[in-house]
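Trainee: Got a structure here, written out as C-alpha cells. Questions coming.
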Amino acid sequence: MKVGYVYDPIYLQHDTGYHVESPSRLTAIMNYLDKTGALTELIEVKPRAATTDELAAVHDRQYITYVEYVARKGGAWVDADTILSSKSFDAAVFAAGGIIRAVEMVMDGQLDSCFGLVRPPGHHATSDRSMGFCIFNNTAIAAKYALARYNLDRIAIIDYDVHQGNGTQEAFYDNPHVMYVSTHQFPYYPGTGRVEETGTGEGKGNILNIPLAAGCGDAEYLQVFREVIVPKVRQYKPQLIMVSAGYDIHWIDELAQMQVTTTGIAEMVKIIKGLASEYCGGKLVLALEGGYHLEALSTSVKATFDVLLGKPQIEDILGPPKKRVSNPDVLGLIRQLKEVHRLT
C-alpha cells in the first residue's frame with residue numbers, strides 16, 4: 001500500500017499570530033507523525049505552486065490579484081475570521097498546488113492515496129472571497145485540475161469538517177462532473193448546507209448536505225455514512241474520491257459541539273477508503289481542513305494514515321467523551337435525505 005503525504009515548511013509562513021488556525025497545527029501533526037515513526041511508512045510529496053490559470057478555474061482573477069496585493073503589502077484582515085500575512089499568498093498557492101500534486105501522484109499510479117497536510121485550509125473560500133480561515137479552495141482547484149488533466153467524468157468530494165464547505169458547494173453547484181457531500185453541524189457557521197440545497201441545472205442532485213445537530217458522535221456519524229453517503233456514492237460511481245478532512249468534529253475540539261472520537265473518524269475513513277476501492281481502483285486524495293485541538297488533530301491525522309496504510313489497529317489515546325452532552329436522533333434526518341435523494 002503506497003500512501004503519501006504533502007508537506008512543506010512554506011505552509012508555516014502563513015503567519016496568523018494568535019489565531020486558532022496557526023502554524024502550530026502542522027507543527028503538532030508533523031512532530032507526532034515523526035515521534036510515532038509514521039513518517040517512515042509514508043512517501044513524501046513536495047508541493048508546487050498552483051498557477052494563476054489553475055487558481056482561476058475556481059477563483060476570479062481579480063480576487064487572486066487582490067490576495068497577492070494584500071500579502072505583498074504586508075497583510076491584513078480580509079474577513080472577520082481570516083488574516084493574511086506577507087507570506088500568505090505564497091503559502092496559499094503552494095497549498096492549492098500541494099493538493100494538485102497529490103492528485104497527480106494518485107492518478108499517475110505512483111501512490112494509492114495521498115493526504116495533503118497543507119494550510120491555509122480551503123473549503124470556505126468562494127470564487128471572490130476569503131472567509132472562514134480559507135484563502136484559495138484547495139480541493140475544488142485540484143478537482144477542476146483532475147477533470148481537465150485526466151478527462152474524468154465523475155469526482156466525489158466528501159467533506160467531514162464540522163463546518164459546511166460553502167465554497168466547494170458554490171464551485172460545483174451546477175456541475176454534473178463533481179458530487180459534493182458534506183456532514184456538518186447545523187445551524188452553525190457559515191449557515192449553508194440545508195438538506196434542500198441539492199444543486200441546480202445539470203448538477204441537480206449532486207450536492208448532498210447532511211446537517212447534523214450539535215452533540216452527534218460516532219454512532220450518528222457512522223449511521224449517516226452507512227445509510228446515506230454510501231448508497232449516494234454508489235449511485236454516482238466516482239472515478240476519484242477526494243476528501244476535505246476536518247478534525248474539528250472531535251469531541252475535545254472546542255470550536256464546535258460534536259462528540260466524534262478518533263476511533264469514529266478512523267471508521268469514517270475506512271468507509272471512504274472502501275468506496276474508493278470499490279469504484280476508483282483505490283484512488284483517494286485528502287486535504288486538511290479544520291481541527292484546532294492540537295492533540296486531537298495530530299492523533300486523528302495519524303489514525304487516518306493508519307487506515308490508509310491498512311493497519312488493523314487504531315490507537316485512540318483520548319478515548320470517548322467523558323460525558324455525552326446530548327444524544328441526537330438522526331432517524332428523521334435520514335428519512336428526509338433518502339426521500340430527497342431517492343435512496344433505497
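Throughout, read-outs are computed from the coordinates displayed, never taken from laboratory work. This structure is a prediction, so every number in the text was calculated from the model and none was measured. In this analysis, Cβ positions are derived from the backbone assuming ideal geometry, glycine residues included, and neighbour counts consider all displayed protein chains.
Trainee: Amide H of Thr126: which non-local residues (sequence gap of 5 or more, or other chain) have their own amide H closer than 5 Å, using H built in the peptide plane?
Mentor: Met131
Trainee: Next question, about the same structure. Mind telling me which of Pro121, Pro231, Pro211 comes out most flexible in a GNM of the chain, alpha-carbon contacts under 10 Å?
Mentor: Pro231
Trainee: What number does segment 3-341 give for Rg over Rh if you use C-alpha atoms and the Kirkwood radius?
Mentor: Taking Rg over the Kirkwood Rh, I get 0.93.
Trainee: Can you sort Ser22, Ser127, Ser244 by how many other beta carbons sit within 10 Å, fewest first?
Mentor: Ser127, Ser22, Ser244
Trainee: Roughly how many Å is it from the Cα centre of segment 250-296 to that of segment 298-333, as a whole number?
Mentor: 8 Å
Trainee: I would also like to ask the following. Need one number: convex hull volume per residue for segment 48-184, Cα atoms only, in Å³.
Mentor: Once divided by residue count, the hull of segment 48-184 is 99 Å³.
Trainee: In addition: From the phi angles alone, apply the Karplus equation (6.51, -1.76, 1.60; θ = phi - 60°) to segment 229-235 and give each ³J(HN,Hα) in whole Hz, x where the residue is Gly or Pro.
Mentor: Here the 3J(HN,Hα) series is 5, 4, x, 5, 5, 5, 4 Hz.
Trainee: I need the shape label for segment 18-76. Rule: rounded when a/c is under 1.5, else prolate if a/b > b/c, else oblate, with a, b, c from the alpha carbon gyration tensor.
Mentor: Verdict is oblate for segment 18-76.
Trainee: Another question, then. With a ≥ b ≥ c taken as the square roots of the eigenvalues of the C-alpha gyration tensor of segment 20-128, please select rounded if a/c is under 1.5 and otherwise prolate if a/b is larger than b/c or oblate if it is not?
Mentor: oblate
Trainee: Taking segment 191-344 as the region of interest, what is the percent of Cα-Cα pairs per 5 angstrom bin, listed from the shortest bin to the one with the maximum distance?
Mentor: 2, 9, 17, 21, 21, 17, 10, 3, 1, 0
Trainee: Rank these for me by crowding, Met268, Met131, going from fewest to most other beta carbons within 10 Å.
Mentor: Exposure proxy ranking, most exposed first: Met131, Met268.
Trainee: Mind checking the dipole of the chain: about its Cα centre, +1 per Lys or Arg Cβ, -1 per Asp or Glu Cβ, Debye to the nearest 20?
Mentor: 480 debye
Trainee: So what's the back-of-envelope 222 nm ellipticity for the chain, counting only DSSP H runs of four-plus at -39500 (n - 2.57) apiece and dividing by all residues, rounded to 500?
Mentor: One gets -11000 deg cm²/dmol as the mean residue ellipticity at 222 nm.
Trainee: Okay, next question. List, in order, the whole-Hz ³J(HN,Hα) value for each residue of segment 31-36 obtained from phi through the Karplus relation with A = 6.51, B = -1.76, C = 1.60 and θ = phi - 60°; use x for Gly and Pro.
Mentor: Once θ is set to phi - 60°, the couplings for segment 31-36 become 5, 5, 4, 5, 4, 8 Hz.
Trainee: Could you tell me how far the Cα centroid of segment 108-163 sits from the Cα centroid of segment 13-70, in Å?
Mentor: 12 Å
Trainee: Determine, at each q value in 0.16, 0.24, 0.28 (inverse angstroms), the log₁₀ of I(q)/I(0) that the Debye formula gives when each Cα of segment 175-232 is one equal point scatterer.
Mentor: Values, matching the q order: -0.51, -1.00, -1.17.
Trainee: Given H placed 1.01 Å from N in the peptide plane, which residues other than close sequence neighbours of Val118 have an amide H under 5 Å from its amide H?
Mentor: Hits under the 5 Å cutoff: Leu288.
Trainee: Please give the peptides 285-293, 25-33, 189-197 ranked by average Cβ packing (other Cβ atoms within 10 Å per residue), highest first, as a rough proxy for protection.
Mentor: Going from most to least packed, we get 285-293, 25-33, 189-197.
Trainee: Something else: Convert each backbone phi in segment 330-338 into a coupling constant with the Karplus relation 6.51 cos²θ - 1.76 cosθ + 1.60 (shift: θ = phi - 60°), then list the ³J(HN,Hα) values in order as whole Hz, x for Gly and Pro.
Mentor: 9, 4, x, 4, 4, 4, 5, 5, 5
Trainee: In the chain, if the dipole is taken from +1 on Lys/Arg beta carbons and -1 on Asp/Glu beta carbons about the Cα centre, which of Asn166, Tyr189, Leu39 is farthest to the positive end?
Mentor: My answer, from the dipole projection, is Leu39.
Trainee: Could you check what % of the DSSP bridge pairs in segment 3-341 are antiparallel, to the nearest 5?
Mentor: Antiparallel bridges make up about 15 percent of those DSSP assigns within segment 3-341.
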